[in-house]
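Peer 1: Questions regarding the structure given below will be posed in turn.
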Amino acid sequence: MAASLLLATGAVAAPRDIDRIVAVVNNAVITHYELNQRIEQVLRQLASQQTSAPPRRVLEKQLLERMITERALLQIAEDNNIRFDGAVLDRAVARIALQNKLSPEEFRKQLESEGTDFSAFREQIRNEMTISRLKEREVDSKVVVTEAEVDNFLSNPAQDANQQDEYDIAHILIQAPEGASPEQLAELRAKADKAAAELQAGTHFRQVSAAYSDSQNALQGGDLGWRSEGQLPSLFAVVVKTLKPGENSAVIQSPNGFHIVKLVDKRGKNVQTVVKQTHARHILVKTNEVVSDDDARTRLLQLKERIEHGTHFAELAKIHSDDLSANRGGDLNWLNPGDTVPEFERAMDALKPREVSEPTHSPFGWHLIQVLERRDQDVTQERKRMEARRALRERRAEETFDDWVRQARDRTYVEYRLEE
């Protein structure tokens, strides 16, 4: 994200000329100045990728369509009170700066030295965060995967995510409006066929994607990255098996429109997952207005001394622990790496079986930790179910969101004022 944003927002702020409206989107407008800014951003991005830009008029129309969809989604988010304040935005920008190994101030200076308007950059980050939150609210949170669906998924060997090949793919989408007429579909099919013909003639996939695709990642070459078969949209999963790396599919029709899929690369996957599990228990003392850090630590030192003199750990945990595990004698059962916070895990990993730790501080308070035993456990089946559930959720969420965006766009009042 950091790298793409750094490239995608490298727009040179042009002097504001006599502006005009190029599109009306419900009760908002997109101006010629805004469109030109976006075009400059994209031209710089394509240049950094060493990808030839499509004719400016083609790019202008493509970007205007994407801006209309983006504006429509932002309006829906606003109606649903989805917004991010300045402090949240500052933290997001700081994270991007850290990913680029820069301080926030150094990051800002670098952007400005490249000609990027920092305020526009922040606003683009805000828009991306807003649309992401809208997706979570309208689609992701409503996607339900049942245990029966997971069982059915795993019962088919071809769906086993641990045995499946993985595919690095890219795709071009020629989107069709909901309820498109036969004439509209014929026109869109002709556009898809033209894109396919350019690919056949040797034009680079990234260039054709930038010129034709309606996908949100069209300017990144339509790249979908590495995915197992179970994570692919059902339509693509069938097609990629017939392709060799570097090959493009024929034009494929779906309810959303027309697609061209490219298989960039393919790799095998056969994973057995064995992890070192720790069976541990603990006593937790939380700090508050009454119990200070020193009080909690002293209390645990006293409990440790009693344990060393023969008092049973579990009995003390039942009486003194502030954790929900107290009624189980502090038993946390078998823990996988990453199941606990880092401070707890580091202290636990340093212990021998039956050994009790020194008082250990974590965000939850102060702990005494005892390791009961360790084992190497094959968690392949557990991991398979987790991967299956994730693959089903991602596939369903992606397909549902694409359809939801298309319907939202179709409901939007749009008035075009871009001069021909």
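The values are calculated or read from the model by the stated rules, or taken from the named source; none is laboratory data. Please read these numbers as outputs of a predicted model, since none were measured by experiment. We place every Cβ from the backbone using ideal geometry, glycine too, and count neighbours over all the protein chains shown.
Peer 1: Mind checking which residues of the stretch 351-365 are part of a strand (DSSP E or B) and free of Cβ contacts under 8 Å to residues at least 60 places away in the same chain?
Peer 2: Correct list: V356, T360, S362.
Peer 1: Can I ask one more? Please determine whether any residue of the stretch 213-220 is under 30 Å from L154 (Cβ atoms) and among the hydrophobic types (A, V, I, L, M, F, W, C).
Peer 2: Checked the stretch 213-220: no residue is under 30 Å from L154 (Cβ atoms) and among the hydrophobic types (A, V, I, L, M, F, W, C).
Peer 1: Which residue is nearest to the chain's Cα centre (by Cα), if the candidates are limited to the stretch 281-306 and must be of a type in the set (A, V, I, L, M, F, W, C) and surrounded by 19 or more Cβ atoms within 10 Å (Cβ to Cβ)?
Peer 2: The extreme case among them is L284.
Peer 1: Looking at the stretch 146-157, I want the residues that are within 12 Å of R393 (Cα to Cα) and charged (D, E, K, R) and have a partner that is modelled with pLDDT under 85 and assigned to a helix (DSSP H, G or I) with Cβ atoms under 7 Å, at least 6 apart or on another chain. Which pairs are those?
Peer 2: So the pair list comes out as E149/L392.
Peer 1: A further question on this structure: Just the residues that are among the hydrophobic types (A, V, I, L, M, F, W, C), within 30 Å of K194 (Cα to Cα) and touching a residue at least 24 places away in the same chain (Cβ under 8 Å), please, taken from the stretch 236-292.
Peer 2: The answer is F236, V240, A250, V251, F258, I260, V261, L263, V264.
Peer 1: Output yes when any residue across the stretch 290-310 is in a strand (DSSP E or B), out of contact with any Pro (no Cβ under 8 Å at 6 or more places or on another chain) and either of a type in the set (K, R) or within 30 Å of A176 (Cβ to Cβ) (or both), and no when none is.
Peer 2: No, the conditions are met nowhere in the stretch 290-310.
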